[in-house]
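Student: Pasting in a structure now, in structure tokens, and then I'll have a few things to ask.
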Amino acid sequence: MDQWAGRLLVDRKRPSEPDIITRALASNRMGVASVVFFGVAGAAPLTVIIGSISAIYAIQGSTAVPVAYLVVAGILSLFTVGFVAMSRHIVNSGAFYSYISHGLGRVVGVGAAFVALPAYSLMQIGLFGLFGVVASGILAEFGLQASWYACALVAWALVTVLGVLWVDLSGRVLAVLLVAEISIVLIYDLVMVSNPAGGSISFATLSPAPMLTPVVGTLLVLAIAGFVGFEATVVLSEEARDPKRTIARATHLAVLLAGVLCGISAWAMSVTTGPDQILAVAAEHQTDLVFTLVGPHLPAVLVDVGYVLFMTSVFAALLAFHAAVARYQFALGREGVLPSAWGYTHPRTGAPLLGSITQSVLALAVISAYAAAGAEPLLYLFAWLTTIGGLGVLILMWSASASVIAFFQHHRRGENVWRAYVAPFLAFLLLSIVLAATIIGFGDLLQVPAGSPFRWLFPVAYLGVAAIGFVWALVMRAVRPEVYAAIGRGADVRVIAPAESEFPDVLPPAAPVGSRGYHY
């Protein structure tokens, strides 16, 4: 046995070097299409189109909604350029946490991880409130009475089971749901555009002029919330086939697909009502707007199918966010940031076992507490938790865009100037503006009065949990330097954060670590 093989057998016992038998996600399970479905499912386009777009028209009183979604799609496409360029050099289910660790250093990376865990968890749990209300309403149409909580429990049970099964099984479930969802969106859009107000199609709401108003900041913030979840594609990098190609393609497609669907649908609504009437009609019908517009022109069964797919769209997002938060916990457990038990996977399915169970238990506790308290599920469970979680994800995007700039600062690693420097810098600048607008107007997003502490409590809370992560990283650096040295390197030891390379590699540079690191 040669020198490095002997060292490999010894080093596999070290805490920074996970054991492939018990700590590996299922590899080579997902192709581009499956990963795209996870990303688009997280963004939940039908939920955004039916729930968010009509509400933004009604509440903000601006006809710039279609342009806002297209502008945000452009901003996130810029972000995606550098994000996926970095994904070609780092394969780690920790996604944002891992990228920020490599770009901005391990201390900042652990702080980002402490932001990611509550952010994705809140996004997922909040969606149970929307699912419960929608499912309860659909059952009522069939004469069946069921509380939102009972419906949410059914969804919880299904997500819990799927969360510990093969990830490609969840991918196939999402594929069926997303194909049906996108199909009905396209049918509805075609119907609305084919029945324009006044007999002629108007493109007035695609004019950028209304964006040059004070409401533009709020519009961009609300629009970007409709894309949260697309970045979950990178969380699946260790389970994808040929991740350096698959993740890049899937992430670009997820952003473009979500952006085009939302932008075109928002415009189609204004076509059938007329640009001068869309605000009033949206205020009157709210989340029933789309169904009201297409109902006179379609068989009733297709309208009913739309309601059902609205419900399954929310379920798809629940499944996607569950997968994301479970894999974040797995990545942190594997690298010793969380207790090592979180770094184990199911022996047969390769699913992150304790991470999935933890998220399921937490979700059950929260939705049960809301039900026991009699809190309104749409406002306080869905709207509040997803808005708070969305802020955390936006903070992560902003930090990740900065980390891309830092990562490629000294060496482009084969990437061209556009991917390594120009696009990441533009994305960082634009996301900085959106993040600032979000924090300034956060109370308005929660719809709380001017003097409410909730206007500043949650942004400060994220700063607090990030600070806890910083302190924990410094403690690890002092007490467990070998664990600290492995932060962010769970799948590939070859990429090291330049600012913290004082800890030497325990293996030669060509030997990767983690789920793709052992050949057998």
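The values are calculated or read from the model by the stated rules, or taken from the named source; none is laboratory data. Given the structure is predicted, the values throughout are model-derived calculations rather than measurements. Here the Cβ is made from the backbone with ideal geometry for all residues, glycine too, and neighbour counts use every protein chain on show. Heavy atoms of the whole protein, side chains included, go into the accessibility calculation; ligands, DNA and RNA do not. Shrake-Rupley method; radii C 1.70, N 1.55, O 1.52, S 1.80 Å.
Student: Show the residue pairs that are 6+ apart or on different chains and have beta-carbon atoms under 8 Å apart, the first residue being within the range 391-409 and at positive phi, the second being surrounded by 21 or more Cβ atoms within 10 Å (Cβ to Cβ).
Tutor: none
Student: What about S98, is it touching a residue at least 24 places away in the same chain (Cβ under 8 Å), closer than 17 Å to R412 by Cα, crowded, with 23+ Cβ neighbours inside 10 Å and polar (S, T, N, Q)? Show your work before the answer.
Tutor: On the way: touching a residue at least 24 places away in the same chain (Cβ under 8 Å): yes; closer than 17 Å to R412 by Cα: no; crowded, with 23+ Cβ neighbours inside 10 Å: yes; polar (S, T, N, Q): yes.
It is false that S98 is touching a residue at least 24 places away in the same chain (Cβ under 8 Å), closer than 17 Å to R412 by Cα, crowded, with 23+ Cβ neighbours inside 10 Å and polar (S, T, N, Q).
Student: While we're here: Here is a list: V185, V173. Which entry is at pLDDT below 75, part of a helix (DSSP H, G or I) and either open to solvent by less than 50 Å² (accessible area, probe 1.4 Å) or touching a Pro at 6+ places or on another chain (Cβ under 6 Å) (or both)? It would help to see each step written out before you state the result.
Tutor: On the way: V185 fails: at pLDDT below 75.
Being at pLDDT below 75, part of a helix (DSSP H, G or I) and either open to solvent by less than 50 Å² (accessible area, probe 1.4 Å) or touching a Pro at 6+ places or on another chain (Cβ under 6 Å) (or both) holds for just one of V185, V173, which is V173.
Student: Still on this model: Can you name every one of the helices (runs of 4 or more DSSP H) wholly within the range 339-453 that holds 1 or more residues which are farther than 30 Å from V154 by Cβ and open to solvent by 60 Å² or more (accessible area, probe 1.4 Å)? Before the answer, list the steps.
Tutor: Working: elements: 353-373, 384-407, 423-440, 442-446.
Per the criteria, 384-407, 423-440, 442-446.
Student: Check every one of the helices (runs of 4 or more DSSP H) wholly within the range 263-336 and list those with 3 or more residues that are under 26 Å from A363 (Cβ atoms) and touching a residue at least 12 places away in the same chain (Cβ under 8 Å).
Tutor: On the way: elements: 278-285, 289-294, 300-334.
The helices (runs of 4 or more DSSP H) meeting that bar are 300-334.
Student: S202 - would you say it is at pLDDT 80 or above and not in a helix (DSSP H, G or I)?
Tutor: Details: at pLDDT 80 or above: yes; not in a helix (DSSP H, G or I): yes.
Criteria met by S202.
Student: Please go through the range 456-481 and give me each residue that is within 14 Å of G105 (Cα to Cα) and either in contact with a Pro (Cβ under 9 Å, 6 or more places away or on another chain) or outside any helix (DSSP H, G or I) (or both), ordered by number.
Tutor: None - no residue of the range 456-481 is within 14 Å of G105 (Cα to Cα) and either in contact with a Pro (Cβ under 9 Å, 6 or more places away or on another chain) or outside any helix (DSSP H, G or I) (or both), so the list stays empty.
Student: Moving to a separate point now. State whether one or more residues within the range 333-353 are under 20 Å from the mean Cα position of the chain (by Cα) and at pLDDT 85 or above. Spell out the reasoning first.
Tutor: We begin by selecting, within the range 333-353, every residue under 20 Å from the mean Cα position of the chain (by Cα); these are 351-352.
Retained after the next criterion (residues that are at pLDDT 85 or above): none.
Looking for residues that are under 20 Å from the mean Cα position of the chain (by Cα) and at pLDDT 85 or above, one finds none in the range 333-353, hence no.
Student: Do the conditions hold for G306, that is, is it modelled with pLDDT under 85 and open to solvent by less than 10 Å² (accessible area, probe 1.4 Å)?
Tutor: Details: modelled with pLDDT under 85: no; open to solvent by less than 10 Å² (accessible area, probe 1.4 Å): yes.
Spelling it out, it is not the case that G306 is modelled with pLDDT under 85 and open to solvent by less than 10 Å² (accessible area, probe 1.4 Å).
Student: Let me ask something else. Might you check whether a residue that is at pLDDT 90 or above, more than 16 Å from T312 (Cα to Cα) and β-branched (V, I, T) occurs anywhere in the range 110-132?
Tutor: Yes, the range 110-132 has at least one match.
Student: Can you confirm whether the range 348-362 contains a residue that is aliphatic (A, V, I, L, M) and under 18 Å from V173 (Cα atoms)? Explain how you work it out, then say what you get.
Tutor: Let us first name the residues in the range 348-362 that are aliphatic (A, V, I, L, M), namely 351, 353-354, 357, 361-362.
Within this subset, residues satisfying the condition of being under 18 Å from V173 (Cα atoms) are 351.
Yes - at least one qualifying residue is present in the range 348-362.
Student: Further question on the same structure: Show the residue pairs meeting these rules: Cβ distance below 9 Å; 6+ apart or different chains; first residue within the range 427-452 and closer than 20 Å to A55 by Cβ; second residue open to solvent by 50 Å² or more (accessible area, probe 1.4 Å) and assigned to a loop (DSSP other than H, G, I, E, B).
Tutor: What qualifies is G443/P449; G443/A450.
Student: Another question, then. In the range 52-67, which residue that is open to solvent by less than 20 Å² (accessible area, probe 1.4 Å) and either in a helix (DSSP H, G or I) or acidic (D, E) (or both) is nearest to F291 (Cα to Cα)? Give the steps one after another, and end with the answer.
Tutor: Filtering the range 52-67 for residues open to solvent by less than 20 Å² (accessible area, probe 1.4 Å) gives 53-54, 56-57, 62, 64-67.
Okay, now just the ones that are also either in a helix (DSSP H, G or I) or acidic (D, E) (or both), so 53-54, 56-57, 65-67.
On the way: I53: 13, S54: 11, I56: 17, Y57: 16, V65: 19, P66: 18, V67: 22 Å.
Ranking the candidates gives S54 first.
Student: Condition (residue is open to solvent by less than 20 Å² (accessible area, probe 1.4 Å) and touching a residue at least 24 places away in the same chain (Cβ under 8 Å)) applied to the range 136-151: is it met by at least one residue? Before you say what the answer is, go through the steps one by one.
Tutor: At the first step, the residues of the range 136-151 found to be open to solvent by less than 20 Å² (accessible area, probe 1.4 Å) are 151.
Now drop any that are not touching a residue at least 24 places away in the same chain (Cβ under 8 Å), which leaves none.
No, there is no match, as no residue in the range 136-151 is open to solvent by less than 20 Å² (accessible area, probe 1.4 Å) and touching a residue at least 24 places away in the same chain (Cβ under 8 Å).
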